[in-house]
Every structure is written in C-alpha cells, then in structure tokens.
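For reference, the structure is listed below as structure tokens.
The values are calculated or read from the model by the stated rules, or taken from the named source; none is laboratory data. If you're wondering where the values come from, they're calculated on a predicted model, not measured in any experiment. We place every Cβ from the backbone using ideal geometry, glycine too, and count neighbours over all the protein chains shown.
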C-alpha cells in the first residue's frame, strides 16, 4: 500500500472550521487546567452567586483559552495532529478513539 503524506491530505470545510477548532478547545482546556479547576471550584462553592463571585476566575480562564484559540501556531499544531489521525484512519480503518480504548483483560 502506498504511504499517504501529510501535505497530500485535503481537508474539508467541516474539518478546518469545526473538527480542528474542537480539538483546539479540548487541548486548550488541558493546557489551562489550573484555571478551569479554579473556576469550577469557585462555581461549586458559590452556588447561585457564582456570576458575581467567580468573575476573576472566569476572566482568567477566558484569557487563557482565548490566547490559544487565536494562536496560528497552535492551530497548525492541532491541524497536523488531526491530519496524522486522519491518515492513520485511512490506512487502518480504525478511529483514534477506538485505538486508545483498553482491551478487556478477561474474555
């Protein structure tokens, strides 16, 4: 079978406008995990007053996420990762999420 190169992959509109940005959001949440946890903790402790009490944590979280969402290098990094996953799927027929699942220990 002929090897597929990353520069030969054509991305559809839905991939560049929906799927890659989704990957960016997930990765940004991992990078900004401390701010996500601080905001979540504040919300749990504040109940109905979270809108007033958690402004600082919310602003810090939004700032951290926005820095990554607007970073062209971060988009390119996620795009390359997406392309590698797509090539792997095209060659194996198995989606990344299915490959990452653990096999049962007893059958």
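Worth a mention:
- Scanning segment 44-54 for any residue that is surrounded by 15 or more Cβ atoms within 10 Å (Cβ to Cβ) and within 18 Å of the chain's Cα centre (by Cα) turns up nothing.
- Of the residues 28, 60, the single one that is more than 27 Å from residue 96 (Cβ to Cβ), at pLDDT 95 or above and under 23 Å from the mean Cα position of the chain (by Cα) is 60.
- Selection from segment 55-65 of residues that are out of contact with any helix residue (DSSP H, G or I) (no Cβ under 7 Å at 6 or more places or on another chain) and either surrounded by 12 or more Cβ atoms within 10 Å (Cβ to Cβ) or not in a helix (DSSP H, G or I) (or both): 59, 62
- Whichever residue in segment 66-80 is in contact with a helix residue (DSSP H, G or I) (Cβ under 8 Å, 6 or more places away or on another chain) and loosely packed, with under 15 Cβ neighbours inside 10 Å and, among such residues, is farthest from residue 35 (Cα to Cα): 80
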